[in-house]
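The values are calculated or read from the model by the stated rules, or taken from the named source; none is laboratory data. Everything numeric in this text was worked out from a predicted model, so none of it was measured. Here Cβ is always computed from backbone atoms with ideal geometry, including for glycine, and neighbour counts include all displayed protein chains.
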Amino acid sequence: KPLKAPRNADFSTSEELTKYDDVTGYCNFYELGSGKRHPTANAHWLKTEPWSVEIAGEVKQPGKLDLDQLLKPHDLQERVYRLRCVEGWSMVIPWIGFPLAELIKRVEPSSKAKFVAFETLMDPINLKGQQRPILDWPYQEGLRMDEAMNPLTLIAVGLYGEVLPNQNGAPLRLVVPWKYGFKSIKSIVRIHFQESQPRTSWNFHAPEEYGFYANVNPQVRHPRWSQATERRIGEFRRRKTLVFNGYGEQVAHLYTDMDLSANF
Amino acid sequence: MWQGTLGANPIEFILRNLGDWTLYLLLMTLAVTPLSAWAPLAFLRRYRRMLGLYTFFYALLHGLSYIGLDRFFDWELLWLDVVDRKFMTAGMAAFLLLIPLAATSNAAMIHQLGGARWRRLHRLVYAIAILGVAHFFWLTRADFREPQKMAAILAFLLGWRLLDWMRKRHVPS
């Protein structure tokens with residue numbers, strides 16, 4: 001289904017786009033299978049209609065919004081972001097969406113809201129990956145409030161001029177381009193505002209490998225993959241990984257008083 | 001066009017396939033002795049050396065594609081991989097231990113070493129297999145079904161040998 005939106009050049013890289021078939025054919029979405037091609041083959045497991053998102057916790061406007069209600073007030077725009085996976089590969093993807101900050105302002109979080117927690121759809125009957133304890137389902141992610149409010153943080157509903165394919169996290173997902181891809185949670189059904197740091201799936205699964213912050217950082221050694229370099233999908237040679245995935249100018253100030261090797 | 005068959009990340013695909021086959025061949029090599037204990041399958045013994053050498057050959061291709069294709073001869077990165085990551089340490093150790101076995105897999109070397117010493121040397125294959133399965137386990141980030149299968153098969157193959165050894169030891173002479 002086509003979905004058009006004007007490109008926001010201020011928030012877009014001019015790097016060459018990763019091919020559509022690779023963006024939609026090489027995915028990590030364990031609910032749809034744990035191989036890279038499984039989510040595409042099993043995309044039909046994900047039922048996106050009807051869809052609603054629960055807004056809960058420390059907000060003045062809690063409640064359940066169905067997808068149309070949630071999207072209606074927001075103007076969509078296209079943004080071309082780099083995506084860096086913790087596994088050592090990267091892509092350049094033209095997302096369509098709107099800043100998460102707009103949605104947060106709309107639901108009016110209270111002063112107690114220090115973090116935002118997100119949850120993916122839990123549907124083990126259809127999402128067969130959830131029938132086995134690969135991760136502690138449902139998939140959970142979270143951001144600190146200032147990270148969530150950063151103008152780079154996007155709620156995406158499309159890519160490449162069309163509605164988000166299921167394997168890429170339909171009907172709506174998070175995109176946080178300066179963090180490893182697993183922070184950009186897919187197929188969101190719940191947004192919870194809270195005072196304490198939320199539990200996140202990969203951090204819970206292997207805390208020595210996946211931190212809560214998970215900012216792209218070539219200097220922090222990872223027990224499984226070297227993060228110094230990455231392979232841009234479609235290229236042969238590895239390229240050097242940039243700190244904050246090259247978005248330092250926009251986000252480095254969020255972490256000025258933090259030890260990034262302890263809070264990796 | 002070649003990307004159509006190898007997927008979006010062909011180097012990762014090649015590396016993974018060669019690794020899978022190294023492990024399959026290694027387990028097939030280790031399966032020869034238990035299977036050929038059953039008389040109708042005794043002919044399998046003839047293929048054990050060939051399977052062992054294929055294991056080495058695949059391990060070599062797996063290692064070379066890691067060094068050449070994936071890391072592109074970045075020796076500093078490779079060294080950090082081996083010391084920082086236990087799956088790499090295990091994999092590298094397994095490969096290094098395979099070299100003397102491959103080098104002595106010919107009639108001349110068996111003759112030179114003598115049967116007893118040759119057999120003792122080639123018991124290294126048990127350590128290699130354990131390191132190989134550990135390598136697969138430790139590189140898996142979630143969903144451990146595949147490494148679990150390999151570990152179960154290896155446990156069976158090593159368990160059979162242990163039982164066989166105990167049985168032979170207890171036969172009154």
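Checking A:Asn215, A:Asn203 one by one, the residue that is at pLDDT 95 or above, crowded, with 21+ Cβ neighbours inside 10 Å, more than 14 Å from every other protein chain (Cβ to nearest Cβ) and under 22 Å from A:Asp146 (Cα atoms) is A:Asn215 and no other. Criterion applied to B:Gly132, B:Gly52, B:Gly63 was being within 30 Å of A:Gln131 (Cβ to Cβ), part of a helix (DSSP H, G or I) and either free of Cβ contacts under 8 Å to residues at least 12 places away in the same chain or away from chain A (no Cβ under 14 Å) (or both), and the one residue passing it is B:Gly132.
Kindly evaluate A:Asn263 against the criterion of being away from chain B (no Cβ under 11 Å) and assigned to a loop (DSSP other than H, G, I, E, B). Judged against the criteria, A:Asn263 is a match. Restricting A:Lys186, A:Lys240 to residues that are under 22 Å from A:Leu46 (Cβ atoms) and at pLDDT 95 or above narrows the list to A:Lys186. Scanning segment B:27-47 for residues that are hydroxyl-bearing (Ser, Thr, Tyr) and under 15 Å from the mean Cα position of the chain (by Cα) yields one hit, B:Thr29. The set of residues in segment B:100-120 that are in contact (Cβ under 8 Å) with a residue 24 or more places away in the chain and not small (Gly, Ala, Ser) comprises B:Pro100, B:Leu101. Against the test of being surrounded by 18 or more Cβ atoms within 10 Å (Cβ to Cβ) and in contact with a His (Cβ under 7 Å, 6 or more places away or on another chain), the options B:Gly52, B:Gly63, B:Gly91 yield a single qualifying residue, B:Gly91. Scanning segment B:81-129 for residues that are within 14 Å of chain A (Cβ to nearest Cβ) and either within 11 Å of the chain's Cα centre (by Cα) or among the basic types (Lys, Arg) (or both) yields B:Arg85, B:Lys86, B:Gly91.
How many of the residues making up segment A:228-260 are closer than 26 Å to A:Met145 by Cβ and under 22 Å from the mean Cα position of the chain (by Cα)? Adding up the residues that qualify gives 15. Which residues, taken from segment A:155-196, are of a type in the set (Asp, Glu) and in a loop (DSSP other than H, G, I, E, B)? Scanning segment A:155-196 gives a single hit, A:Glu195. At least 1 residues being surrounded by fewer than 19 Cβ atoms within 10 Å (Cβ to Cβ) and free of Cβ contacts under 8 Å to residues at least 60 places away in the same chain is the threshold, and among the strands (runs of 3 or more DSSP E) wholly inside segment A:1-103 those reaching it are A:63-66.
Among residues of segment A:170-185 that are without any contact (Cβ under 8 Å) to a residue 40 or more places away in the chain, those with a Cβ under 7 angstrom from a residue that is in a loop (DSSP other than H, G, I, E, B), sequence gap 6+ or separate chain, pair up as A:Arg173/A:Leu164; A:Arg173/A:Ser184; A:Arg173/A:Ile185; A:Arg173/A:Lys186; A:Arg173/A:Ser187; A:Val176/A:Thr153; A:Val176/A:Ser184.
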